[in-house]
Amino acid sequence: MENLVIIGSGPAGISAALYAARAGLSPVVLTQGPGALGKAGQIDNYYGAPLTGPALHAAGEEQARALGVRILETQAVGVVGFDTYTVRAVSGDFDTIAVLLATGAKRAAPTIPGLKELEGAGVSYCAVCDAFFYRGKPVAVLGSGDFALHEADELAPLAGSVTILTNGEPEAFTKPCPYPIDRRPISALVGDKALAGVQFADGGLLLANGLFVALGTAGSAEIARQTGAELGADGSVVVDAAMQTTLPGLYAAGDCTGGLKQIAKAVHEGTQAGLSAIQYIRDYRKTHPDL
Ligand SMILES: Cc1cc2nc3c(=O)[nH]c(=O)nc-3n(C[C@H](O)[C@H](O)[C@H](O)COP(=O)(O)OP(=O)(O)OC[C@H]3O[C@@H](n4cnc5c(N)ncnc54)[C@H](O)[C@@H]3O)c2cc1C
(Lines give C-alpha, C1' and ligand atoms only; values in the text may rest on other atoms or scores of the structure.)
Protein backbone atom coordinates (compact mmCIF):
# COMPACT_ATOMS: atom_id res chain seq x y z
CA MET A 1 0.00 0.00 0.00
CA GLU A 2 1.37 3.40 -1.02
CA ASN A 3 0.81 6.51 1.09
CA LEU A 4 0.41 9.06 -1.69
CA VAL A 5 0.16 8.64 -5.45
CA ILE A 6 0.50 11.88 -7.40
CA ILE A 7 -0.71 11.96 -11.00
CA GLY A 8 1.37 14.57 -12.82
CA SER A 9 4.95 15.82 -12.57
CA GLY A 10 4.26 19.48 -13.35
CA PRO A 11 4.78 22.30 -10.83
CA ALA A 12 1.70 21.20 -8.82
CA GLY A 13 2.52 17.50 -8.58
CA ILE A 14 6.23 17.98 -7.92
CA SER A 15 5.64 20.66 -5.27
CA ALA A 16 3.37 18.27 -3.38
CA ALA A 17 5.92 15.47 -3.78
CA LEU A 18 8.72 17.62 -2.30
CA TYR A 19 6.76 18.22 0.89
CA ALA A 20 5.53 14.62 1.14
CA ALA A 21 9.04 13.23 0.63
CA ARG A 22 10.52 15.55 3.26
CA ALA A 23 7.77 14.35 5.64
CA GLY A 24 8.99 10.77 5.10
CA LEU A 25 5.99 9.59 3.08
CA SER A 26 7.79 8.23 -0.02
CA PRO A 27 5.30 9.49 -2.63
CA VAL A 28 5.01 8.02 -6.13
CA VAL A 29 4.57 10.40 -9.08
CA LEU A 30 3.05 9.05 -12.29
CA THR A 31 3.83 11.15 -15.35
CA GLN A 32 3.72 11.35 -19.08
CA GLY A 33 6.54 13.88 -19.17
CA PRO A 34 6.34 17.68 -19.18
CA GLY A 35 2.79 19.03 -19.37
CA ALA A 36 2.18 22.72 -20.08
CA LEU A 37 5.83 23.53 -19.28
CA GLY A 38 6.89 21.40 -22.23
CA LYS A 39 5.23 23.94 -24.51
CA ALA A 40 6.43 27.05 -22.68
CA GLY A 41 9.45 28.93 -23.97
CA GLN A 42 11.13 31.47 -21.75
CA ILE A 43 9.49 31.89 -18.30
CA ASP A 44 10.09 35.45 -17.08
CA ASN A 45 7.45 35.85 -14.41
CA TYR A 46 8.25 33.10 -11.90
CA TYR A 47 10.58 33.42 -8.92
CA GLY A 48 14.11 32.30 -9.80
CA ALA A 49 13.45 32.47 -13.55
CA PRO A 50 14.26 33.17 -16.38
CA LEU A 51 14.38 29.56 -17.42
CA THR A 52 12.77 27.74 -20.31
CA GLY A 53 9.66 25.68 -19.50
CA PRO A 54 11.37 22.33 -20.24
CA ALA A 55 14.41 23.31 -18.13
CA LEU A 56 12.17 24.25 -15.19
CA HIS A 57 10.34 20.93 -15.52
CA ALA A 58 13.59 18.95 -15.61
CA ALA A 59 14.93 20.84 -12.58
CA GLY A 60 11.74 20.10 -10.62
CA GLU A 61 11.90 16.38 -11.37
CA GLU A 62 15.61 16.23 -10.54
CA GLN A 63 15.03 17.99 -7.21
CA ALA A 64 12.26 15.51 -6.34
CA ARG A 65 14.33 12.48 -7.33
CA ALA A 66 17.18 13.73 -5.15
CA LEU A 67 14.76 13.58 -2.19
CA GLY A 68 13.84 9.98 -3.04
CA VAL A 69 10.57 10.61 -4.91
CA ARG A 70 9.78 7.81 -7.33
CA ILE A 71 8.80 9.28 -10.69
CA LEU A 72 7.36 6.66 -13.02
CA GLU A 73 6.66 7.22 -16.70
CA THR A 74 3.20 5.72 -17.13
CA GLN A 75 -0.30 6.85 -18.00
CA ALA A 76 -2.95 6.84 -15.27
CA VAL A 77 -6.28 5.79 -16.77
CA GLY A 78 -8.51 5.79 -13.73
CA VAL A 79 -8.96 5.89 -9.97
CA VAL A 80 -11.41 3.78 -8.00
CA GLY A 81 -12.19 3.69 -4.30
CA PHE A 82 -13.40 5.86 -1.50
CA ASP A 83 -11.75 4.99 1.81
CA THR A 84 -8.47 4.02 0.18
CA TYR A 85 -7.89 4.27 -3.56
CA THR A 86 -6.55 2.23 -6.44
CA VAL A 87 -4.91 4.22 -9.21
CA ARG A 88 -5.11 2.29 -12.45
CA ALA A 89 -2.19 2.93 -14.77
CA VAL A 90 -0.96 1.35 -17.96
CA SER A 91 1.98 -0.13 -16.02
CA GLY A 92 -0.31 -1.62 -13.32
CA ASP A 93 -2.39 -0.71 -10.27
CA PHE A 94 -1.28 1.32 -7.23
CA ASP A 95 -3.20 0.91 -3.96
CA THR A 96 -2.83 4.05 -1.87
CA ILE A 97 -4.20 5.96 1.10
CA ALA A 98 -4.32 9.32 -0.72
CA VAL A 99 -4.22 10.55 -4.33
CA LEU A 100 -3.34 13.95 -5.79
CA LEU A 101 -4.72 14.84 -9.21
CA ALA A 102 -2.27 17.24 -10.86
CA THR A 103 -2.64 16.52 -14.56
CA GLY A 104 -2.80 20.13 -15.72
CA ALA A 105 -5.54 21.75 -17.77
CA LYS A 106 -8.11 19.80 -19.68
CA ARG A 107 -7.56 19.63 -23.43
CA ALA A 108 -10.01 21.35 -25.73
CA ALA A 109 -13.11 19.28 -26.42
CA PRO A 110 -13.51 17.93 -29.95
CA THR A 111 -15.62 20.09 -32.24
CA ILE A 112 -17.95 17.46 -33.67
CA PRO A 113 -21.35 18.86 -34.65
CA GLY A 114 -24.00 17.54 -32.25
CA LEU A 115 -21.55 16.61 -29.49
CA LYS A 116 -22.28 19.52 -27.16
CA GLU A 117 -26.04 19.35 -27.80
CA LEU A 118 -26.19 15.63 -26.93
CA GLU A 119 -24.12 15.78 -23.74
CA GLY A 120 -26.14 13.94 -21.10
CA ALA A 121 -28.40 12.54 -23.84
CA GLY A 122 -26.05 9.87 -25.15
CA VAL A 123 -22.73 11.68 -24.99
CA SER A 124 -20.83 10.87 -21.79
CA TYR A 125 -17.38 11.51 -20.37
CA CYS A 126 -17.35 8.73 -17.77
CA ALA A 127 -17.88 5.05 -18.50
CA VAL A 128 -17.86 3.90 -14.90
CA CYS A 129 -20.53 6.53 -14.07
CA ASP A 130 -22.88 5.93 -17.01
CA ALA A 131 -22.32 2.38 -18.36
CA PHE A 132 -25.38 1.19 -16.45
CA PHE A 133 -27.68 3.35 -18.63
CA TYR A 134 -26.54 1.55 -21.78
CA ARG A 135 -27.24 -2.04 -20.77
CA GLY A 136 -27.63 -4.15 -23.92
CA LYS A 137 -27.27 -1.10 -26.19
CA PRO A 138 -24.68 -0.35 -28.88
CA VAL A 139 -22.13 2.19 -27.67
CA ALA A 140 -18.96 3.73 -29.05
CA VAL A 141 -15.84 5.15 -27.43
CA LEU A 142 -14.20 8.17 -29.04
CA GLY A 143 -10.44 7.91 -28.61
CA SER A 144 -7.36 6.13 -29.85
CA GLY A 145 -5.23 5.39 -26.78
CA ASP A 146 -5.15 3.45 -23.53
CA PHE A 147 -7.67 5.75 -21.86
CA ALA A 148 -10.21 4.84 -24.56
CA LEU A 149 -9.41 1.16 -24.03
CA HIS A 150 -9.96 1.52 -20.29
CA GLU A 151 -13.36 3.14 -20.90
CA ALA A 152 -14.27 0.36 -23.36
CA ASP A 153 -13.33 -2.25 -20.74
CA GLU A 154 -15.73 -0.57 -18.29
CA LEU A 155 -18.55 -0.61 -20.86
CA ALA A 156 -18.08 -4.08 -22.36
CA PRO A 157 -19.67 -6.15 -19.55
CA LEU A 158 -22.92 -4.15 -19.78
CA ALA A 159 -23.29 -2.71 -23.30
CA GLY A 160 -24.66 -4.67 -26.25
CA SER A 161 -21.59 -3.79 -28.32
CA VAL A 162 -18.60 -1.48 -28.02
CA THR A 163 -16.86 0.10 -31.01
CA ILE A 164 -13.78 2.30 -30.77
CA LEU A 165 -13.91 5.39 -33.00
CA THR A 166 -10.51 6.95 -33.70
CA ASN A 167 -11.95 9.79 -35.82
CA GLY A 168 -9.02 9.46 -38.22
CA GLU A 169 -6.39 9.76 -35.45
CA PRO A 170 -3.44 7.35 -35.33
CA GLU A 171 -3.86 4.51 -32.84
CA ALA A 172 -1.73 4.65 -29.67
CA PHE A 173 -2.79 1.53 -27.77
CA THR A 174 0.02 -0.08 -25.77
CA LYS A 175 -1.84 -3.41 -25.58
CA PRO A 176 -4.01 -5.28 -28.09
CA CYS A 177 -7.46 -3.73 -28.56
CA PRO A 178 -10.12 -6.48 -28.42
CA TYR A 179 -12.90 -4.19 -29.72
CA PRO A 180 -13.80 -3.37 -33.32
CA ILE A 181 -12.09 -0.14 -34.39
CA ASP A 182 -13.69 2.27 -36.87
CA ARG A 183 -11.03 4.67 -38.11
CA ARG A 184 -13.17 6.90 -40.32
CA PRO A 185 -13.32 10.66 -39.61
CA ILE A 186 -16.60 11.64 -37.95
CA SER A 187 -18.73 14.37 -39.51
CA ALA A 188 -21.57 14.65 -36.95
CA LEU A 189 -23.55 12.97 -34.21
CA VAL A 190 -27.15 12.29 -35.13
CA GLY A 191 -30.19 12.14 -32.91
CA ASP A 192 -32.96 14.50 -31.97
CA LYS A 193 -33.51 14.31 -28.22
CA ALA A 194 -31.00 11.49 -27.71
CA LEU A 195 -28.02 10.10 -29.60
CA ALA A 196 -29.04 7.69 -32.35
CA GLY A 197 -25.80 7.26 -34.25
CA VAL A 198 -22.50 8.56 -35.52
CA GLN A 199 -22.24 9.92 -39.06
CA PHE A 200 -18.91 9.52 -40.84
CA ALA A 201 -17.38 11.82 -43.43
CA ASP A 202 -17.69 9.08 -46.07
CA GLY A 203 -21.48 9.05 -45.57
CA GLY A 204 -21.55 5.88 -43.45
CA LEU A 205 -23.53 5.66 -40.20
CA LEU A 206 -22.87 3.69 -37.01
CA LEU A 207 -25.94 3.16 -34.85
CA ALA A 208 -25.03 3.97 -31.26
CA ASN A 209 -27.04 5.04 -28.23
CA GLY A 210 -23.98 6.08 -26.27
CA LEU A 211 -20.75 7.86 -27.20
CA PHE A 212 -18.08 7.95 -24.50
CA VAL A 213 -15.45 10.61 -25.08
CA ALA A 214 -12.00 9.36 -24.01
CA LEU A 215 -9.54 11.37 -26.07
CA GLY A 216 -5.83 11.39 -25.38
CA THR A 217 -4.95 10.62 -21.79
CA ALA A 218 -7.27 10.77 -18.79
CA GLY A 219 -7.22 14.22 -17.24
CA SER A 220 -8.00 15.13 -13.65
CA ALA A 221 -11.60 15.92 -14.54
CA GLU A 222 -12.21 12.50 -16.10
CA ILE A 223 -10.52 10.77 -13.17
CA ALA A 224 -12.41 12.85 -10.59
CA ARG A 225 -15.66 12.00 -12.38
CA GLN A 226 -14.90 8.27 -12.09
CA THR A 227 -14.58 8.58 -8.31
CA GLY A 228 -17.72 10.68 -7.93
CA ALA A 229 -15.84 13.83 -6.87
CA GLU A 230 -17.58 17.07 -7.81
CA LEU A 231 -16.68 19.11 -10.89
CA GLY A 232 -17.41 22.76 -11.56
CA ALA A 233 -19.49 23.94 -14.51
CA ASP A 234 -16.27 24.59 -16.46
CA GLY A 235 -15.03 21.02 -15.88
CA SER A 236 -12.46 22.00 -13.26
CA VAL A 237 -12.11 19.85 -10.13
CA VAL A 238 -13.86 21.36 -7.12
CA VAL A 239 -11.52 21.69 -4.10
CA ASP A 240 -11.69 23.30 -0.67
CA ALA A 241 -9.03 25.53 0.90
CA ALA A 242 -7.00 22.42 1.82
CA MET A 243 -7.07 21.37 -1.90
CA GLN A 244 -9.20 18.36 -0.99
CA THR A 245 -11.84 17.37 -3.53
CA THR A 246 -15.30 16.46 -2.30
CA LEU A 247 -13.86 13.03 -1.36
CA PRO A 248 -11.60 12.47 1.67
CA GLY A 249 -8.03 11.61 0.71
CA LEU A 250 -8.47 12.76 -2.89
CA TYR A 251 -6.73 16.07 -3.65
CA ALA A 252 -6.35 18.21 -6.76
CA ALA A 253 -3.96 21.07 -7.54
CA GLY A 254 -2.71 23.27 -10.36
CA ASP A 255 -4.33 24.05 -13.70
CA CYS A 256 -6.93 21.28 -13.22
CA THR A 257 -8.67 23.23 -10.44
CA GLY A 258 -9.47 26.13 -12.77
CA GLY A 259 -8.78 29.84 -12.33
CA LEU A 260 -5.33 31.28 -12.95
CA LYS A 261 -3.15 29.02 -15.11
CA GLN A 262 0.26 30.04 -13.86
CA ILE A 263 3.23 28.26 -12.31
CA ALA A 264 3.00 30.25 -9.06
CA LYS A 265 -0.59 29.14 -8.52
CA ALA A 266 0.25 25.49 -9.34
CA VAL A 267 3.19 25.55 -6.90
CA HIS A 268 1.05 27.10 -4.15
CA GLU A 269 -1.77 24.61 -4.63
CA GLY A 270 0.61 21.65 -4.90
CA THR A 271 2.30 22.74 -1.66
CA GLN A 272 -1.04 23.04 0.12
CA ALA A 273 -2.25 19.69 -1.27
CA GLY A 274 1.00 18.04 -0.15
CA LEU A 275 0.69 19.44 3.38
CA SER A 276 -2.98 18.44 3.60
CA ALA A 277 -2.24 14.92 2.34
CA ILE A 278 0.59 14.51 4.88
CA GLN A 279 -1.81 15.32 7.72
CA TYR A 280 -4.55 13.10 6.26
CA ILE A 281 -2.19 10.13 5.85
CA ARG A 282 -0.78 10.51 9.37
CA ASP A 283 -4.29 10.61 10.84
CA TYR A 284 -5.38 7.68 8.68
CA ARG A 285 -2.47 5.56 9.82
CA LYS A 286 -3.29 6.24 13.48
CA THR A 287 -6.69 4.61 12.99
CA HIS A 288 -5.31 1.90 10.66
CA PRO A 289 -2.03 0.85 12.33
CA ASP A 290 -1.89 -2.26 10.10
CA LEU A 291 -1.18 -0.10 7.01
C1 LIG B 1 2.87 27.90 -24.06
C2 LIG B 1 2.74 28.11 -22.58
C3 LIG B 1 3.45 29.11 -21.96
C4 LIG B 1 3.32 29.34 -20.58
N5 LIG B 1 4.04 30.36 -20.00
C6 LIG B 1 3.93 30.58 -18.67
C7 LIG B 1 4.68 31.63 -18.03
O8 LIG B 1 5.43 32.34 -18.68
N9 LIG B 1 4.52 31.79 -16.69
C10 LIG B 1 3.69 31.00 -15.94
O11 LIG B 1 3.61 31.20 -14.72
N12 LIG B 1 2.95 30.02 -16.53
C13 LIG B 1 3.05 29.78 -17.86
N14 LIG B 1 2.32 28.78 -18.45
C15 LIG B 1 1.38 28.01 -17.61
C16 LIG B 1 2.07 26.94 -16.76
O17 LIG B 1 2.91 26.17 -17.59
C18 LIG B 1 1.01 26.08 -16.08
O19 LIG B 1 0.14 26.91 -15.34
C20 LIG B 1 1.64 25.04 -15.13
O21 LIG B 1 2.58 24.25 -15.80
C22 LIG B 1 0.53 24.17 -14.54
O23 LIG B 1 1.13 23.21 -13.72
P24 LIG B 1 0.37 21.82 -13.41
O25 LIG B 1 1.29 21.05 -12.52
O26 LIG B 1 -1.00 22.09 -12.95
O27 LIG B 1 0.20 21.08 -14.83
P28 LIG B 1 1.24 20.73 -15.98
O29 LIG B 1 2.48 21.52 -15.87
O30 LIG B 1 0.48 20.80 -17.24
O31 LIG B 1 1.64 19.22 -15.68
C32 LIG B 1 0.72 18.17 -15.85
C33 LIG B 1 1.43 16.84 -15.60
O34 LIG B 1 0.45 15.80 -15.59
C35 LIG B 1 0.93 14.69 -16.37
N36 LIG B 1 -0.24 13.93 -16.81
C37 LIG B 1 -1.36 14.37 -17.44
N38 LIG B 1 -2.25 13.38 -17.60
C39 LIG B 1 -1.65 12.26 -17.07
C40 LIG B 1 -2.07 10.89 -16.94
N41 LIG B 1 -3.28 10.46 -17.35
N42 LIG B 1 -1.21 10.01 -16.35
C43 LIG B 1 0.02 10.42 -15.91
N44 LIG B 1 0.44 11.71 -16.00
C45 LIG B 1 -0.38 12.60 -16.57
C46 LIG B 1 1.73 15.37 -17.48
O47 LIG B 1 2.59 14.45 -18.11
C48 LIG B 1 2.45 16.44 -16.66
O49 LIG B 1 3.58 15.86 -16.03
C50 LIG B 1 2.45 28.53 -19.81
C51 LIG B 1 1.74 27.50 -20.45
C52 LIG B 1 1.86 27.27 -21.80
C53 LIG B 1 1.08 26.15 -22.44
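The values are calculated or read from the model by the stated rules, or taken from the named source; none is laboratory data. In this text the structure is predicted, and so the values were computed from the model without any measurement. Please note: Cβ atoms are built from the backbone with ideal geometry, for glycine as well, and neighbour counts cover all protein chains shown.
Things worth noting here:
Table: residues versus (1) closer than 27 Å to residue 81 by Cα; (2) in contact (Cβ under 8 Å) with a residue 40 or more places away in the chain; (3) buried (at least 17 other Cβ atoms within 10 Å of the Cβ).
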site	(1), (2), (3)
127	yes, yes, yes
136	yes, no, no
150	yes, yes, yes
155	yes, yes, yes
183	no, no, no
209	no, yes, yes
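- Segment 258-284, subset modelled with pLDDT under 95 and of a type outside the set (A, V, I, L, M, F, W, C), residue surrounded by the fewest Cβ atoms within 10 Å (Cβ to Cβ): 259
- Checking segment 53-66 against the condition returns a match, with at least one residue being closer than 25 Å to residue 283 by Cα and over 15 Å from the mean Cα position of the chain (by Cα).
- Residue satisfying condition, being in the same structural domain as residue 236 (by TED's automatic domain parsing) and either surrounded by fewer than 21 Cβ atoms within 10 Å (Cβ to Cβ) or in contact with a Leu (Cβ under 6 Å, 6 or more places away or on another chain) (or both), within set 62, 117: 62
- Checking each residue in segment 24-51 for being more than 6 Å from the ligand (Cβ to nearest atom), more than 25 Å from the chain's Cα centre (by Cα) and surrounded by 15 or more Cβ atoms within 10 Å (Cβ to Cβ) picks out only 51.
- With respect to the conditions (1) among the hydrophobic types (A, V, I, L, M, F, W, C); (2) part of a loop (DSSP other than H, G, I, E, B); (3) more than 9 Å from the ligand (Cβ to nearest atom), residue 4 falls short on a single one, namely (2).
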